[in-house]
1. So what J values fall out for the range 253-258 if you push phi through Karplus, 6.51 cos²θ - 1.76 cosθ + 1.60 with θ = phi - 60°, rounded to Hz, Gly and Pro as x?
2. Grab the beta carbon distance between residue 80 and residue 39, set R0 = 41 Å, and tell me the FRET efficiency rounded to 0.05.
3. Evaluate the distance, in nm, between pseudo-label points positioned 7 Å from the Cα of residue 25 and of residue 252 along their respective Cα→Cβ axes.
4. Could you order peptides 252-264, 181-193 by the average number of other Cβ atoms within 10 Å of their residues, highest first?
5. Ignoring ligands, DNA and RNA, what percent of the 1.4 Å accessible area of the range 142-187 is carbon and sulfur?
6. Please give the peptides 226-233, 18-25, 67-74 ranked by average Cβ packing (other Cβ atoms within 10 Å per residue), highest first, as a rough proxy for protection.
7. Where does each of 48-57, 89-98, 133-142 land if you order them by average Cβ count within 10 Å, highest first?
8. Report, by chain and number, residues whose modeled amide H sits under 5 Å from the one on residue 32, excluding near sequence neighbours (fewer than 5 apart, same chain).
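The values are calculated or read from the model by the stated rules, or taken from the named source; none is laboratory data. All figures in this text were calculated on a predicted structure; none of them were measured in a lab. FYI the Cβ positions are ideal-geometry reconstructions off the backbone, even for glycines, and counts take in every protein chain you see. Keep in mind that these areas ignore ligands, DNA and RNA; they rest on the heavy atoms of the full protein, side chains included. Shrake-Rupley method; radii C 1.70, N 1.55, O 1.52, S 1.80 Å.
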Amino acid sequence: MGADSGSGAAPGPAVPWRKVLWERQPFPDNYVDRRFLEELRRNEGLRQYRYWAVVREAGLVSQQITCVALFLTLWLYMEQGLLSPSTLLWSGLLCALLGYGLYQGLAPRGDSDNHHRTRWSDLQSASIFLSFTFGFSPVLRTLTESVSTDTVYAMTALMLLAHLVAFPYAQPSPPGSLSLNAALFASVCLASRLPGDLHTSGGLDSSSSPSSLHTFTMLCWALLVFALWPCLLQRLRDRAPRGFGVLGTVTLLCPLLLIRLQSDKDNIQGPWDEAEIREDLTRFLH
């Protein structure tokens, strides 16, 4: 439909056309004149993005992916027996205390009574969570006992993906209920596949069920990584934005500096070097 489209019986320019519906005009219904495109507007209210601002916001996504990778690494170390749940639990307690002290230190200065009341309420909330989690750990570790391992791993991957998708990146403090619940459910699934603590004559019985301490440790670390750590990073981002700028600079410039310094490397070898045994000597170890 172009300008001045319509039937051939359209009146000439002597009769002005108006864009109204309440008045009968001697024009076809699909008639428009050359003024139709004068009201065309492009990109009205378009928001202009800046590169470094977008990079800063993309860092939030990388941050959550790193949290998921950290949590999976801790689970893998426990699954392989390289980390005991008690060691991980005490390490989590130390990290929680240091993080809470830093979080309170970066808080805006206000009324001291309000700060004392906030700390007391935080202590109450932490005590309630730890008590209920430890009390329900024997039940939580058996929730997926009858489910196959492949299904548990698939549900874990799906829940961690849901956590990344539903995480409130615009305002990560506090984290969203959907993303946090998905992460906690993934931790319960992974905790049910940890090796048990029942010892047999041959050592650790890998077929036994995980202890309640395994489940309790995984849930505590899930709360630290997926709930408390984003809140601390949000406080650091608000109170010390230059620190994140320095971190981004180190992340981007240090690899570039390393690559450029490779051209200045000058390593020589010759007959003066020590002898290197290149023969496979593993057959002598049996």
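1. Calculated HN-Hα couplings, in order: 8, 4, x, 5, 5, 5 Hz.
2. 0.05
3. Using points 7 Å along Cα→Cβ, the separation is 5.4 nm.
4. Result, highest mean first: 181-193, 252-264.
5. Ligands and nucleic acids excluded, carbon and sulfur give 69 percent.
6. Going from most to least packed, we get 226-233, 67-74, 18-25.
7. 133-142, 89-98, 48-57
8. Here the answer is 4, 5, since their amide H atoms fall under 5 Å of that of residue 32.
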